[in-house]
Structure formats: C-alpha cells, structure tokens
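What follows is one structure encoded as structure tokens, with my remarks underneath.
The values are calculated or read from the model by the stated rules, or taken from the named source; none is laboratory data. Note that the coordinates shown come from a computational prediction; the quantities given were computed from them, not determined experimentally. Cβ placement follows ideal geometry from the backbone for every residue including glycine, while neighbour counts extend to all protein chains displayed.
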Amino acid sequence: MLHRIITDPLNYDSSLDNLPCHFVAAFGAGFCTTIVASPVDVVKTRYMNSTAGQYKNAINCAFTMLVNEGSLAFYKGFVPAFLRLGSWNIVMFVSYEQLKRALMMVHGTWEDPH
C-alpha cells in the first residue's frame, strides 16, 4: 500500500489515502526524525551537563563519546525520544489529514475559497 504511493506517485490511488496510511507515514516520520536528531541531542545534553573544561567544544564531546563509548552512545535515550516524537507526529499528521479531508468535503477543494 505505502510502497505503491512512494514508488508510483503518477498513478496515485486515492483509496490508499486513508487513516492507516497516515498513521504509518507519521510513525515512520517520527522514527526517521529520531534517528537523525538523537545523536545531536545526546551530544548537546552531555556537553551542556559536563563540568567546565571537560570538553573543548561540542565536536570534541562527540569525538570523545565515539572513541570511549562507541557509536551506540549517540542513541542513548532513543526509546523515550522516539515515543515523544513518534506520538507527536502521529497526532499532528493524522489530525492535519483529517482536517484537510473535512475541508475538502465542505468546500470541494483544498484551495483557498476566495
């Protein structure tokens, strides 16, 4: 279902534009966001909570983490971050799509009625 929307956007099938599709897409967006943002957030938090002079800068903090703890150290706290971002994305995107669908039913189009 989602695969068809992604791989063949020119042959868009509106029957696939439904709540389960929006839920899965929002869930995936939350997961991807967490994958990208988590390392930056972990380094920022560790750098801000460090004692004065422990790290020269944020890049030194990241390098020290990588050398001493390995790459998985950048994903500490991944599950809570994903639960926060994933749930927010689901609520936001599903609400947006449902409101958009309601407006399209009332106005007949998504365009500005003026």
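So here's what we get for this one:
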{"quantity": "Leading residue by the ranking (nearest to residue 73 (Cα to Cα)) among those in region 42-57 that are surrounded by 15 or more Cβ atoms within 10 Å (Cβ to Cβ) and not β-branched (Val, Ile, Thr)", "calculated": "46"}
{"quantity": "Scan of region 37-70 for residues that are among the small types (Gly, Ala, Ser) and either touching a residue at least 60 places away in the same chain (Cβ under 8 Å) or outside any loop (DSSP other than H, G, I, E, B) (or both), ordered by number", "calculated": "37, 38, 58, 62"}
{"quantity": "Test: residue in region 18-39 that is surrounded by 10 or more Cβ atoms within 10 Å (Cβ to Cβ), over 23 Å from the mean Cα position of the chain (by Cα) and not aromatic (Phe, Trp, Tyr)", "calculated": "no"}
{"quantity": "When residues of region 2-58 are limited to those that are among the acidic types (Asp, Glu) and modelled with pLDDT under 90, the one farthest from residue 104 (Cα to Cα)", "calculated": "8"}
